[in-house]
């Protein structure tokens, strides 16, 4: 059996600086070994451990969709030891990936349903994977809404793609920023909860919300969804915790008896409500 | 010293009833013989849980850092010196504290007693000078002076240095003691003997950092061993990393350590880590005439510069 | 350092002002000479951990 | 299963025979230090006079620090920056003198390291290489409470052979598994004896255990109620977060993964870690879901006495060895906490 701690070697194929504060870079990796590429079959919502020899590993959501073949993408915020070092790495450098890990957004359930994606800040990477995945399978889903906000226009991720999705028109895009002094800004201004209140589709049994963002955004979006009548079974969250092994063994990312790395990171709000532990 | 508890409870009750403090920090009976557990009491009806005997080893100053409440605290000589350290280092304010001083005749070494008794101890009794333990159908009585913790046996500040109330009369300080015999023995070794001595001494260290966590001086928000950017020291039980941790921790306590012994008491492997801190205590005494935690108005020697400071080894 | 078993000559302290270039040179020469005389360090040298 | 009689000569001779085919482990005492499990040098015999090792036997299978991979950062090398697996010695190990509590603990840890989703190769390979020759506790200690948590001084879970001291200085050995039978045979221990002799010894030993804890209500308690119970600040106040309880515990399995590099050659290793440390859960953003010590102590006890109970429905994650009780510098006692959790009634 494969050693689950052994990363697959990858080469950095492309690095895109996403935001003007240069804190976020998207890394495109290609696998050194063809068989690893074939083995890496993920679903949108999963994460992987990015492994930098000499520095360590960091769990990051997979930003590319399973429908994008030949590479995997990760958007990395410069925070700690590993991510800080990754921001100094160059195209052609070799590192490792271990995964895919964790569960995914419940695509089996979501098929044939309305999906509203609510995202904030840099927690948008697995949501990008989800949007690309849904667009590639557009006929499997009913209405798709995307509410995505950041503090200012320069901090939005994937700006070219956002514009393209907006223009294509087969999903309803509601891009927003907390504030801007750009007179040409043509999208919304306002916090994500406010825009959710205005733009989210009405709740029904066939409408699911995927919510992923900073704690404050989640905290204030929740009452809005409650007011709109969303059932807690229809609200899907993706969590973050400090992780090491990524496979539910090393013991640090638990909420109650669930490990966020293995049993999550995706939980319905209803499940979360019933879990004991530090969320 | 046995009789202190009545006075301690009386003062604690008064402080809580009069709402002079939000909590009193003291000791309660542990689940094992010869063990106490540090605790807090917030309700007047709970003061009866407070106890006092020769097993109140833990330095309660370790429970004060950065607390915001008004606190009544029981303080032996060493605890009080660490409270002074906290005052000097702005970890707590004097106005927050009501210090119930407990003049101390030394705490007993429960591990040594257990070892000498040779079987499980079920019962424990003490009088002013004697300790009696029972278990397995036998009993044994020890003279307290024979089973004191090593740091208590050589303590020269038994009386609290700072206090608002006293749990009993001040006791006579020990004057005819040799505090540094063990240190001189190591100093006299040649360089390889020293290296090997510490290598052996630290060989059982499991890097749990209990010594650090028990120490009232070790309150850094992030200890140097826990830093990752940069990472100063490896995290395995490699002997070099272990050694680095112990040496550097001792240096960080130089001129601050009161030799309260909390580190050794917490060590699950009984490593005599005071041999590091005491060396620096001895140096501070020899070089600067300094003993830590005696005066809230004075800065410690490694925190100040004087033109006439001795320049040891300086070229 | 000496107390813990590190050779005294491996650790040197000196006050050198930024204006004291010649003192700096002298000190560095002294330090390197005394460390060279001692040979390679055998203590505090971390080898790769034994594989468990 | 059969019981074998081993006299003192057979014991010594058997150990010598086994040296050829097994790596030998057992309690060893160094002067001035506590007895601990060690790999024995050739000719050394396991010291079965110790009541129990100071730390648990878990390190035989699960060392405190273990190298997982190696790599080179030298770009001139073909496979630079690629992690390589390391050759490990998983030849058969004979682990002598493990107490039944420590042996049972391995089966608890196994649930974590060997699940249907993932197999931790380091732990599982080491575990499977071991033959565990247990040493029954005829004189359990004052802080032993194994009988309260589903085990006992003669418990056989996790053992291949169980040694019971016999009057003539030798042992009675109960053969529990085929692995144990093979070892006994290669040691030349083959004199069968009456198995009935063990039962009264077992009962006498169990009767000596005076420390009892109730765990019967833990499974029925609501995890959220216990989590929110107003008991944790009081339980956790004295805690120094020293981690001694976790490092000495035979069932604590948490670890950290670290890279270390010297010059251009590096390793990735894992080290025991502890939920008692703030760093355990501190996130890169600076957020810590368990910032206060009573959060961390709650995690430890909830994990052992509730989360594990719920997850595996196989009792508590504790074998009652009493080490954490004895070694805690501030006398936080899992038995007391367990009673509080077991009897808790939400307001």
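In the calculated pair-distance distribution of chain B, the portion above 27 angstrom amounts to 47 percent of the Cα-Cα pairs. Counting every other Cβ atom within 10 Å of each residue's Cβ, B:23, D:269 order from fewest to most as B:23, D:269. Dimensions of segment A:139-279 from C-alpha coordinates, computed as largest minus smallest value along each principal axis and given longest first, are 50, 33, 30 Å.
Using C-alpha pairs below 8 Å separated by at least 6 residues, the relative contact order for segment B:143-302 is 21 percent.
Among B:72, B:234, B:255, the largest mean-square fluctuation in a Gaussian network model of chain B (Cα springs under 10 Å) belongs to B:234.
Quick check: convex hull of the Cα atoms in segment A:1-157, volume per residue, rounded to a whole Å³?
On the way: hull volume 17.7 nm³, N = 157.
Convex hull volume per residue, Cα atoms: 112 Å³.
Using bins of 20 Å that start at zero, the share of Cα-Cα pairs per bin across the protein assembly as shown amounts to 12, 37, 36, 14, 1, in whole %. Of all beta bridges that DSSP places with both ends in segment D:87-236, some 45 percent have antiparallel geometry. Mean per-residue shielding of peptide A:74-81 is 3, counting Cβ atoms of other chains within 10 Å of each Cβ. Across segment D:198-301, Cα-Cα distances exceeding 18 Å account for 68% of all pairs. Oblate is the label for chain D, because a/c, from the alpha-carbon gyration tensor with a ≥ b ≥ c as root eigenvalues, is 1.5 or above and a/b does not exceed b/c.
In terms of other Cβ atoms within 10 Å, A:107, D:253, C:15 run from fewest to most in the order C:15, A:107, D:253.
Within chain D, antiparallel bridges make up roughly 75 percent of the DSSP beta bridges whose residues both belong there. For a label point 7 Å from the Cα of residue D:262 along Cα→C-beta, name the residues of segment B:224-244 whose backbone N is under 12 Å from it. Inside the label zone: B:238-241. Straightening the chain between residue D:287 and residue D:167 buys 37.2 nm, computed as 0.36 nm per residue apart minus the Cα-Cα spacing.
Taking the square roots of five times each eigenvalue of the Cα gyration tensor of segment B:178-308, the equivalent ellipsoid has semi-axes of 24, 20, 14 Å, listed largest first. By the count of other C-beta atoms within 10 Å, a proxy for reagent exposure, A:154, A:231, B:80, D:148 are ordered fewest to most as A:154, A:231, D:148, B:80. Considering only A:27, A:220, A:267, the mean-square fluctuation computed in a Gaussian network model of chain A, springs between alpha carbons under 10 angstrom, is largest for A:220. Using Cα-only point scatterers and the Debye equation, what is log10 of I(q)/I(0) for segment B:103-227 at each q in 0.09, 0.15, 0.22 Å⁻¹, rounded to two decimals? The computed values of log10 I(q)/I(0) come out as -0.44, -1.10, -1.22. Our summary gives chain B a relative contact order of 17 percent, counting only alpha carbon pairs under 8 angstrom and 6 or more residues apart. Where does helix A:215-228 land angle-wise versus the long Cα axis of chain A, in degrees 0 to 90, nearest 10? Taking the Cα atoms of chain A, the angle to A:215-228 is about 40 degrees. Compute the long axis of helix A:125-136 from its Cα atoms, compare it with the longest principal axis of the Cα atoms of chain A, and write down the angle in degrees, 0 to 90, nearest 10. Long axis of A:125-136 versus the principal axis of chain A: about 70 degrees. Note on the protein assembly as shown: helix-only mean residue ellipticity at 222 nm, from DSSP H runs of 4+ residues weighted -39500 (n - 2.57) and normalised by residue number, equals -8000 deg cm²/dmol.
Step by step: find N for chain A, compute 2.2 N^0.38 Å, then divide the Cα radius of gyration by it. What's the final number? Write out the running numbers ahead of the final one.
Working: Rg = 18.2 Å, N = 279, 2.2 N^0.38 = 18.7 Å.
Chain A yields a ratio of 0.97.
Each of residue A:17 and residue B:122 was given a label point 7 Å from its Cα along the Cα-to-Cβ line. The distance between the two points is 7.6 nm.
Order of B:114-120, B:8-14 by packing, highest average Cβ count within 10 Å first?
Output ranking for B:114-120, B:8-14: B:8-14, B:114-120.
Three principal axis extents describe the C-alpha atoms of segment D:111-171; from largest down they are 46, 27, 14 Å. Take every pair of alpha-carbon atoms less than 8 Å apart whose residues are at least six positions apart; their mean separation over the length of chain D yields a relative contact order of 21 percent. When both bridge partners sit in the protein assembly as shown, DSSP labels roughly 65% of those beta bridges antiparallel.
Its Kirkwood hydrodynamic radius, worked out from the mean inverse distance over all distinct Cα pairs, puts segment D:261-347 at 15.6 Å.
To the nearest 0.05, how large is the calculated FRET efficiency for residue A:3 and residue B:175 if R₀ is 51 Å and r is the Cβ-Cβ distance?
0.20
What shape does segment B:108-147 take by its C-alpha gyration tensor, where a ≥ b ≥ c are the square roots of the eigenvalues and a/c under 1.5 counts as rounded, a/b above b/c as prolate, and the rest as oblate? Since a/c reaches 1.5 but b/c is at least a/b, the shape of segment B:108-147 is classed as oblate.
Across peptide B:243-250, what mean number of C-beta atoms from other chains lies inside 10 Å of a residue's C-beta?
Mean shielding count: 2.
Using the Cα gyration tensor of segment A:93-155, with a ≥ b ≥ c the square roots of its eigenvalues, what is the shape: rounded (a/c below 1.5), prolate (a/b larger than b/c) or oblate (neither)? Oblate, because a/c is 1.5 or more while a/b does not exceed b/c.
Within 10 Å of the Cβ of each residue in D:60-69, the mean number of Cβ atoms contributed by other protein chains is 4.
Where a number appears in this text, it was derived from the coordinates with a stated rule and is not lab data. Just so it is clear, the model here is predicted, and its values are computed rather than measured. Heads up, the Cβs are rebuilt from the backbone with ideal geometry, glycines too, and the neighbour counts pull from every protein chain shown.
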